[in-house]
There are 2 protein chains.
Amino acid sequence: MKVFQAVKRVLIGRKLESSALGETLLPKRIALPVFASDALSSVAYAPDEILITLSLAGASGFAFSWKIGIAVALVMLIVVMSYRQTVHAYPSGGGDYEVATANLSPRFGLVVASALLVDYVLTVAVSVSSGVQNAEAMIPGLAGHEGLTAAVVIAILTAMNLRGVRESGTFFAVPTYAFMISVMCMVVWGMTRIFVLGDNLRAPTANFTVVGDPKYTGLVGVAFVVLMARTFSSGCAALTGVEAISNGVPSFRQPKSKNAATTLAMLGGIAVSMLMGILVLANVTGVKMFDMTGESHLVDTHGHVVKDQVTVVGQLARTVFYDSFKPGFYIMIVCTMIILFLAANTAFNGFPVLGSILARDGFLPRRLHARGDRLAYSNGIVTLAIGAIILVLAFNASVTALIQLYVVGVFISFTVSQTGMMRHWTRLLRTDTSAGVKQRRRWKHSRIINGIGLVGTGVVLLIILASKFIHGAYLALIAMAVVYVLMTSIKKHYASVARELELNSPSDRALPSRVHAVIMISDLNKPTMRAIQFAKATVPTFLEAVIVDVDPDVTERLLERWDEEDIDIPLKIIASPYREVTNPLIDHIRRIRSENPRDMVEVFIPEYVVGHWWEHFLHNQTALVVRARLHFMPGVLISSVPYQLRSSAIREKRWKRNDPRLWRDPGATIAPRH
Amino acid sequence: MKVFQAVKRVLIGRKLESSALGETLLPKRIALPVFASDALSSVAYAPDEILITLSLAGASGFAFSWKIGIAVALVMLIVVMSYRQTVHAYPSGGGDYEVATANLSPRFGLVVASALLVDYVLTVAVSVSSGVQNAEAMIPGLAGHEGLTAAVVIAILTAMNLRGVRESGTFFAVPTYAFMISVMCMVVWGMTRIFVLGDNLRAPTANFTVVGDPKYTGLVGVAFVVLMARTFSSGCAALTGVEAISNGVPSFRQPKSKNAATTLAMLGGIAVSMLMGILVLANVTGVKMFDMTGESHLVDTHGHVVKDQVTVVGQLARTVFYDSFKPGFYIMIVCTMIILFLAANTAFNGFPVLGSILARDGFLPRRLHARGDRLAYSNGIVTLAIGAIILVLAFNASVTALIQLYVVGVFISFTVSQTGMMRHWTRLLRTDTSAGVKQRRRWKHSRIINGIGLVGTGVVLLIILASKFIHGAYLALIAMAVVYVLMTSIKKHYASVARELELNSPSDRALPSRVHAVIMISDLNKPTMRAIQFAKATVPTFLEAVIVDVDPDVTERLLERWDEEDIDIPLKIIASPYREVTNPLIDHIRRIRSENPRDMVEVFIPEYVVGHWWEHFLHNQTALVVRARLHFMPGVLISSVPYQLRSSAIREKRWKRNDPRLWRDPGATIAPRH
């Protein structure tokens, strides 16, 4: 335990006071990297997935990449505009879940929540997997160990997040900005070299031949539409993470909603610029990708089939920087790698907040609502980490495989949420007639924006479902259904327990008429004597000591001691034909109960308190077994009389050392509020 | 748990009442197979080990086998005679441990106990390993899985022994007698065929050439003495198990001592006859063995080195029966196999009794003294099984390897015990002067016998130590030392705890002057109300309810409810800047304690009692944590107020089903003795 505590303190840091929550609020310049790194980082893999899908049509497919990019950018515009309405209308951080619950029904809220929970897990899995893929370009030794490496990275991220939000923010800002600047520089410098300096920049794969699927190579008819839909769906991965800001509004500085909306707009603009920049540069330099799951392949200039491939960003960085400014190449790769790991952090911010809200509403175990040592929702963080680790291990951290499960959840919640926002404005317009004309015009304007959002995201959702279902989206849908059923079951359980526990009859307040005190005895020593003295101090109506006659010699000796010590309470001996303590004792208590149904029975159990784990093997645990059994008997009060052996001081000291106030400020005291 | 209980009942059988103990006493005809199967079964491997050791001297070594046999028989005679004195003088079943403790010192008793405990474990390991070796002759598929097979056999034996002594006795009698009769028949029929019918019986290995170690082949000088000493030491394995009867005296029918002494004499006679019969027959038919660990090897008639070998009993059975009465061969092998597994049973009878005696005296955890479901010392049985399973897995069930660790412990306890018996008679002769002349003559006679025993076993112990130490006996000695140190440490711990707990000052009986009752509240519902009503019923001097202010909204709501319900006890709100419950609450209690050091604090903790394991995830375990911490604070009485949720009925039902009385006789009731 000592080691564990020390390790925990190094990894997690000191505990924080409740009032320190205010200090962890984020300015825009920090909130952007914290909440937007997911959306921004997806430009590191969205272009790859677009080109990989287009490769099924052979070399001519790649020409469509920037058109797909424009389509994705359009959807991004719609989504960002829609969510700017949401952060103004619902600044509490409930996001889509709150919107759907308030405006549609709790059931829809739960659908959104299930979708988001699953997608948060996928965000972590996809981002970290892509980060490992990029890292491989620099550390070839990782090849073959992607799953394990990704799991280790997730574990490290988990520890960082358990440290709390603010430190994460500062910590993550630098690499996020570095990534943005690097991509911008790369695109600008690449374009400059091509179009201004006239360099003939060719990607390493520019001269390779792509062999696609004959079904798509014609680029006509249904096959063409199907391929474009698939490509577009994969490209929409760039849109995930937008909702993270709407869930993170409470972490923004005042004015929270305005700051969040501004950050959202910045995020949209930056993400789209970067995506388009990369796609156009890839197009110009002739980057070629192929589907490593086998639907297409590359043939190099010697006629050999290519086995491995470098990511689009990696190829571009090599093309643009390697001969002109070598450090630029390394900076670009390192930044990409780090931003992807940090993107997972968005989920580490969003998932626990959502989990906590769901726990508060009774859809998840209540302990997820408890704040942990570092003001972070530790239980949620750990749950998310476990889910993501399972995913990267199961899919061996393959981005192309994981991306098929991704996005569908996000667009389900986008669509449901936009429907909810439409209702929200409609209701406001109908019910709140006191609002001025200007205000009402603003509401109508918002409703139009969310209407466009609903149509846009709804169409995209249908495209995604149609094009991705058999490729893996069904797995995500199954996971969402499981989460949904689990949450409704938990809610039902809590409701039934609450009903059961509700004060509803005068008998709940009936006072037991008399108290029968029973002291469990096995020997006559200090613990027993303490139990006797404590029992006497409570002045029960009846008081007796009982010993279960397991060994006649022991019983005989005790009876003698009892007389010697002149103890003035009766000692009852309970026969035990099976030489066990629990059942005869339980029977005795049950008899007292049934003979005096209106009385209370208080059982005093002397217990040894030891300090070392091994001491438990040496001392009888009968007391624990008896206590466990007595718990199931109504009308029985179980009073433990602990006797602290000297060795117990060790444990007490250990607890004192871990007292949070001692960590921070040894002189601090707590004053009761009342 | 349901399945576990059902499986347990099938394997272990119904529970037995204490008074049924009398019924499990054994008549001689049953006691012999139960307690003597170890000594009898060793004739299945002792000849093998004698011949294997002699093979180091080449073919000429085998001629010495029957001379070694006579030496072993002589030692057997001495040991049996000595132990007949012991069972008369100490009929309580403490055996060597009791003799050494009473006559020498508790330290010597503990030395004996350590030696015996280790040797019991080795008995199980060696017997079962040899049994598996014999089984292999019939089931070649076991080859290569000896360790695992042996472990499974031990597990089965464990289950049988957990069923209780009597059933084991009846169950084990048939195969033991079958083995004795089979060996006798084999020897008699073999001798008859050779010397009466004039058949030329040759063992399968009779024509093979033995290649020994050049060091020994001369059979002269020091090498000869060393080899004979090693052979003799291995042969002494036939002597283990004799002391089992002296530990098992209480299981015999009246007159216990006389019956035990008679059984001991029978055992000695039968074992020696069988050993000599096998050795002579092996000599006559030319059985050859070699050391599979590499110190000697066999070359067959084609000049090939032999890889595997059949046990001596296996070879003899084939030679004598295979051509004349084939079923005889199979019966002999099966009986040998079974008797060896059953031999392990001797240890399963002896070890738990010894462990229980040691536990009673405070050298082992007290729970080893508790009788289990089936009147058997379940904990001891399980401990023995675990030790033996570890051994067979570590040594891959190789008898030749395990035999090196064996025997040394038995002869340590033989020697110490004989010394003790010498002292016993001397003391009797010195102190009890009232005894008649006849009686005193008997005592003197006994002293002479034990004197011979002391010299005999002491010499054998020296031979064993000298010849086996580097071959493995040192491991056994280390194990004994570890057991010895462990037992003295446990004794010291118990003694120090007992001193600590002793009633020795009037303050132990001081009555707390007042009772401060504190009710832990987190919500206002039936469990809380029950806690309030129970607390009121105990009529404490002061009564307050406390809530830790983790969430201000919840606290606010509770305050309102408190007023609504019109509860007439004060509700104190405790600030919690770190949003945790335990520490602020502990501090509050500590403050009450330090302000009123002569008073008692009674903390009432409402607890939910649930029936399903998964419900624990859904309900806060704060109560458990608080209770654990309060245990370390003196002067605090911890009163759990259990509230049984409806689901808890499941658990209650399950317990009722397992109540031992219901198993046996549903109508039985228990009447207190006093």
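None of the figures in this text is laboratory data; all of them are computed from the coordinates on show. All values reported here derive from a predicted model rather than from experimental measurement. Neighbour counts run over all protein chains shown; Cβ positions are idealised from the backbone, glycine included.
Between the C-alpha center of the range A:255-293 and that of the range A:493-514 there is a gap of 58 Å.
Within the range B:306-439, the ratio Rg/Rh, alpha carbon atoms throughout and Rh by Kirkwood, equals 1.14. If you take the Cα centroid of the range A:432-464 and the Cα centroid of the range A:383-409, the two points sit 34 Å apart. Sorted from nearest, the other copies put their A:I650 label points 3.8 nm away, the label point being 7 Å from Cα in the direction of Cβ. Rounded to the nearest 10 degrees, the angle from helix A:526-537 to the longest Cα principal axis of chain A is 80 degrees.
What order do you get for A:W613, B:W443 when you list them from fewest to most C-beta neighbours inside 10 Å? Kindly include the intermediate steps, with their values, before the conclusion.
Values: A:W613 9, B:W443 20.
Taking fewest neighbouring Cβ atoms as first place, the list is A:W613, B:W443.
Any idea what the dipole of the range A:394-534 comes to, in debye rounded to 20, about its Cα centre with Lys/Arg Cβ at +1 and Asp/Glu Cβ at -1?
Details: 17 positive and 5 negative charges, 179 e Å.
Around 860 debye, computed over the range A:394-534.
Based on C-alpha pairs under 8 angstrom that are at least 6 apart in sequence, the range A:2-494 has a relative contact order of 32 percent.
Shielding of A:513-523 by partners, i.e. mean partner chain Cβ atoms within 10 Å per residue? Let's see the in-between values first.
Details: counts 1, 1, 4, 0, 1, 0, 0, 0, 0, 0, 2.
Counting Cβ atoms of other protein chains within 10 Å of each residue's Cβ and averaging gives 1.
Rounding to the nearest 10 and keeping the result within 0 to 90°, find how far the Cα-based axis of helix A:552-564 lies from the longest principal axis of chain A. On a 0 to 90 degree scale, this one is about 60. Quotient of the Cα radius of gyration of the range B:149-283 and 2.2 N^0.38 Å, N being its number of residues: 1.43. The long axis of helix A:326-360 is offset from the longest Cα principal axis of chain A by roughly 40 degrees.
Mind checking the mean number of beta-carbon atoms from other chains within 10 Å of the Cβ atoms in B:267-273? If you can, show how the numbers build up before the last one.
Numbers: counts 0, 0, 0, 0, 0, 0, 0.
Across B:267-273, the average partner-chain Cβ count within 10 Å equals 0.
Dipole size of the range A:512-664 about its Cα centre, with +1 on Lys/Arg Cβ and -1 on Asp/Glu Cβ: approximately 1240 debye, rounded to the nearest 20. Taking amide H as placed 1.01 Å from N in the peptide plane, the amide H of A:L543 sits under 5 Å from that of A:A517, each at least 5 places away or on another chain. This ranking places A:K28, A:K492, A:K536 by how few other beta-carbon atoms lie within 10 Å of each, fewest first, which gives A:K492, A:K28, A:K536. By the scheme Lys and Arg +1, Asp and Glu -1, what is the net charge of all other residues having a beta-carbon under 14 Å from that of A:T319? Cβ neighbours under 14 Å give a net charge of +3.
For the peptides A:173-180, B:39-46, the ranking by mean Cβ contacts within 10 Å, running from highest to lowest, is B:39-46, A:173-180.
If I take all pairs of Cα atoms in the range A:512-664, what percentage of them are more than 19 Å from each other? Mind dumping the intermediate values first?
On the way: 6797 of 11628 pairs.
Percent of Cα pairs beyond 19 Å in the range A:512-664: 58.
The residue list B:A282, B:F195, B:V118 was ranked by how far each Cα lies along the charge dipole of chain B toward its positive end, using unit charges on Cβ atoms, and B:F195 comes out on top. In this Cβ point-charge picture (+1 for Lys and Arg, -1 for Asp and Glu), chain A has a dipole of about 2640 debye about its Cα centre. Taking 18 Å as the straight-line reach from the Cα of B:K444, the aspartates and glutamates in range (excluding those fewer than 8 positions away in the same chain) are B:D432.
Just for chain B, what percent of DSSP beta bridges are antiparallel, to the closest 5?
On the way: 4 of 30 bridges.
Just about 15 percent of them are antiparallel.
Pairs spanning more than 20 Å between alpha-carbon atoms, out of A:K215/A:K307; B:K256/B:K438; B:K67/B:K288: A:K215/A:K307; B:K256/B:K438. Ellipticity at 222 nm from helices only: DSSP H runs of n ≥ 4 in chain A, each -39500 (n - 2.57), divided by the residue count, give -20500 deg cm²/dmol.
Which percent, to the nearest 5, of DSSP beta bridges fully inside the protein assembly as shown are antiparallel? Don't jump to the answer; show the numbers that get you there.
On the way: 11 of 62 bridges.
Taking every DSSP beta bridge with both residues in the protein assembly as shown, the antiparallel ones total about 20 percent.
Other residues with beta-carbon under 9 Å from the beta-carbon of A:S639 carry, at +1 per Lys or Arg and -1 per Asp or Glu, a net charge of -2. Among B:V187, B:V272, sorting on how many other beta-carbon atoms sit within 10 Å of each Cβ, with the fewest leading, yields B:V187, B:V272.
Here the range B:60-119 and the range A:31-77 have alpha carbon centers that stand 86 Å from each other. Taken over the range A:512-664, lysine pairs spaced eight or more positions apart, or on distinct chains, with alpha carbons under 28 Å apart number 5.
Averaged over peptide A:637-649, how many Cβ atoms belonging to another chain are found within 10 Å of each residue's Cβ? Each step should come with its number before you reach the end.
On the way: counts 12, 7, 9, 10, 6, 10, 4, 5, 4, 3, 4, 3, 1.
Average per residue, whole number: 6.
Highest mean first, what order results for A:322-335, A:515-528, A:494-507, B:572-585 on Cβ atoms within 10 Å? Present the calculation step by step, with values, prior to reporting the outcome.
Working: A:322-335: 16.2, A:515-528: 21.7, A:494-507: 12.6, B:572-585: 19.9.
Result, highest mean first: A:515-528, B:572-585, A:322-335, A:494-507.
All C-alpha to C-alpha distances of the protein assembly as shown, sorted into 20 Å bins beginning at zero, yield P(r) values of 9, 26, 25, 25, 14, 2, 0 percent in whole numbers.
Hull volume per residue, based on the alpha-carbon atoms of chain A and their convex hull, is 234 Å³.
Scoring A:255-264, A:554-563 by mean Cβ neighbours within 10 Å over their residues and listing the highest first yields A:255-264, A:554-563. The local environment of A:D361, defined by Cβ-Cβ distances under 15 Å, has a net charge of +2 under the rule Lys, Arg +1 and Asp, Glu -1. I'm a student and want to see the number: the projected area of the Cα convex hull of the range B:449-569, averaged over all directions, in nm². Projected over every direction and averaged, the Cα hull of the range B:449-569 covers 18.7 nm². In nanometers and ordered shortest first, the copy-to-copy spacing of the A:P327 label point, defined 7 Å from Cα toward Cβ, is 9.7.
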